[in-house]
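Worksheet: one structure, shown below.
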Number of protein chains: 2
Amino acid sequence: MKDLHPIVQRFILHWGEMGTRWGLNRTVAQIHALLYLSPKPLNAEEISEILGVSRSNVSTSLKELQSWGVVRVVHIPGDRRDYYETISDVWEMFKIILSERKRRELDPTLALLRSSVTEIEESPIDKRVKERVLEIADFFESIDAAYEKLHKMPTSAIRRLVKLGDKVLRALGLTGSKGA
Amino acid sequence: MKDLHPIVQRFILHWGEMGTRWGLNRTVAQIHALLYLSPKPLNAEEISEILGVSRSNVSTSLKELQSWGVVRVVHIPGDRRDYYETISDVWEMFKIILSERKRRELDPTLALLRSSVTEIEESPIDKRVKERVLEIADFFESIDAAYEKLHKMPTSAIRRLVKLGDKVLRALGLTGSKGA
DNA sequence: CAGCGTTTACAGAAATTACTGAAATAACAG
DNA sequence: CTGTTATTTCAGTAATTTCTGTAAACGCTG
């Protein structure tokens with residue numbers, strides 16, 4: 001870690017801290033940060049030494065990053081160790097991270113709400129409770145649908161859409177009437 | 001908890017579990033769920049009994065929910081205890097939750113990246129590292145800008161925008177050329 | 001301003017989550 | 001095969017987070 005440029009160090013440390021807020025663990029996030037800034041792929045041993053964590057921990061963390069598809073194995077001719085690198089396109093990377101988070105943070109709730117809505121139709125329940133469950137279910141369905149649309153777009157289009165900013169809104173006449 | 005309708009019970013338990021994935025703690029999320037489905041405001045004692053958690057824990061959790069602005073205190077004539085209720089509009093509620101998450105999950109990183117970009121301009125650093133830091137900084141800036149635009153819209157407009165779905169994209173000609 | 005009900009702060013206990021080291025397994029070279 | 005190096009698994013330990021009970025603070029009422 002001492003060998004790294006201070007900016008790189010700071011980035012890795014910060015990424016690790018933020019990782020815990022993003023639902024990952026610190027080491028997983030640090031490894032990701034290190035690979036993102038590394039000019040060349042690294043092997044498990046190197047990662048372990050640079051970050052000062054055990055090799056077993058590195059192994060587990062790399063497996064997790066691979067399972068999400070943000071890190072992949074590459075090989076160097078004449079070396080039989082596995083080397084790792086992250087995908088390089090940031091937008092692509094966060095698209096993957098977003099889909100992972102949706103799977104963990106939205107989908108289970110959506111499933112529960114759908115089954116609740118079904119049950120509510122057939123069993124008697126306080127009117128207000130019914131209303132609120134239906135309302136929140138509708139909300140999750142809307143978000144899910146919007147996400148699916150977005151997800152199907154090529155990354156380049158998402159990039160353009162996000163960068164368009166409020167031009168989007170004006171074009172659609174959604175702003176301006178009540179406009180804040 | 002036993003007195004509650006099974007659907008309500010299931011919702012509260014689920015919300016608690018999901019809360020942990022959303023970066024809240026279980027009790028905070030459960031209290032929120034309970035208040036969301038409760039036909040009337042509840043006081044700390046009632047919440048404590050219904051959920052089977054200590055009153056001090058309820059107190060701390062309510063304070064946290066209030067600090068985010070999703071729960072507020074109301075009073076019942078002739079009763080000097082504090083009663084609590086959530087805001088009722090789901091969209092408004094998640095707008096608040098989203099802004100809280102942005103503050104905790106994006107803003108610190110944005111700050112770090114901004115200062116890193118400044119430093120990079122003046123100190124010599126590996127070209128590839130520089131590129132990647134600039135790229136990720138640009139990404140965060142874009143997301144931040146898009147968020148700000150969205151946040152300034154009235155909730156009703158956000159609701160319409162999300163519900164429009166891919167009509168938005170077609171209208172803007174962002175889909176169709178490469179369209180997936 | 002005394003007394004009581006309510007809310008908050010805090011220190012330690014309990015539960016959860018992350019990390020390590022050792023041992024097992026796998027991959028290859030000779 | 002056999003020896004060597006790389007990777008993964010897993011049980012135990014450490015660190016972190018959450019929860020509780022107690023006690024102090026607050027604020028209303030008479």
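For (1) under 16 Å from the mean Cα position of the chain (by Cα); (2) within 12 Å of DNA strand C (Cβ to nearest atom); (3) over 30 Å from residue A:103 (Cβ atoms), each residue gets a yes or a no:
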site	(1), (2), (3)
B:1	no, no, no
B:51	no, no, no
B:65	yes, yes, no
B:69	yes, no, no
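Step by step: first the residues of the range A:49-83, then only those that are part of a helix (DSSP H, G or I) and more than 9 Å from DNA strand D (Cβ to nearest atom), then the one that is surrounded by the most Cβ atoms within 10 Å (Cβ to Cβ). Which residue is that?
A:61
Being surrounded by fewer than 17 Cβ atoms within 10 Å (Cβ to Cβ), within 14 Å of chain A (Cβ to nearest Cβ), within 16 Å of DNA strand D (Cβ to nearest atom) and over 14 Å from the mean Cα position of the chain (by Cα) is a property that holds for residue B:17.
Only one entry in B:27, B:20, B:109 is within 20 Å of residue A:23 (Cα to Cα), more than 14 Å from DNA strand C (Cβ to nearest atom), β-branched (Val, Ile, Thr) and without any contact (Cβ under 8 Å) to a residue 40 or more places away in the chain, namely B:109.
Scanning the range B:24-48 for residues that are surrounded by fewer than 16 Cβ atoms within 10 Å (Cβ to Cβ) and under 24 Å from residue A:98 (Cβ atoms) yields a count of 1. Residue A:6 falls short on exactly one of the conditions (1) away from chain B (no Cβ under 14 Å); (2) more than 8 Å from DNA strand C (Cβ to nearest atom), and that condition is (1).
Kindly indicate whether any position in the range B:140-153 is over 23 Å from the mean Cα position of the chain (by Cα) and within 9 Å of another protein chain (Cβ to nearest Cβ). For the range B:140-153, residues over 23 Å from the mean Cα position of the chain (by Cα) and within 9 Å of another protein chain (Cβ to nearest Cβ): absent.
Please indicate, with yes or no, whether at least one residue in the range B:117-126 is of a type outside the set (A, V, I, L, M), over 28 Å from residue B:143 (Cβ atoms) and surrounded by fewer than 17 Cβ atoms within 10 Å (Cβ to Cβ). Yes; the residues of the range B:117-126 include at least one that is of a type outside the set (A, V, I, L, M), over 28 Å from residue B:143 (Cβ atoms) and surrounded by fewer than 17 Cβ atoms within 10 Å (Cβ to Cβ). With respect to being among the basic types (Lys, Arg) and loosely packed, with under 15 Cβ neighbours inside 10 Å, residue A:103 fits the description. Scanning the range B:109-131 for residues that are within 10 Å of chain A (Cβ to nearest Cβ), in a helix (DSSP H, G or I) and over 17 Å from residue B:145 (Cβ atoms) gives B:112, B:115, B:116, B:119, B:120, B:127, B:128, B:129, B:130, B:131.
Of all the residues in the range A:31-44, those that are in contact with a helix residue (DSSP H, G or I) (Cβ under 7 Å, 6 or more places away or on another chain) and either near DNA strand D (Cβ under 10 Å from one of its atoms) or within 14 Å of another protein chain (Cβ to nearest Cβ) (or both) number 8.
Is it the case, given these coordinates, that residue A:96 is within 24 Å of the chain's Cα centre (by Cα), more than 13 Å from chain B (Cβ to nearest Cβ) and more than 16 Å from DNA strand D (Cβ to nearest atom)?
Here the answer is yes, as residue A:96 does meet what is asked.
The rows are residues; the columns are (1) of a type in the set (Val, Ile, Thr); (2) more than 25 Å from residue A:158 (Cβ to Cβ).
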| position | (1), (2) |
| --- | --- |
| A:6 | no, yes |
| A:9 | no, yes |
| A:15 | no, no |
| A:34 | no, yes |
| A:49 | no, yes |
| A:53 | yes, yes |
| A:95 | no, no |
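When the residues of the range B:84-106 are filtered to those that are part of a helix (DSSP H, G or I) and among the aliphatic types (A, V, I, L, M), the one that is farthest from DNA strand C (Cβ to nearest atom) is B:90.
Every read-out reported here was derived from the displayed coordinates using simple, explicitly stated rules and does not represent laboratory data. Keep in mind the model is a prediction, meaning the values are calculated, not measured. Backbone-built Cβ (ideal geometry, glycine too); neighbour counts: all protein chains shown.
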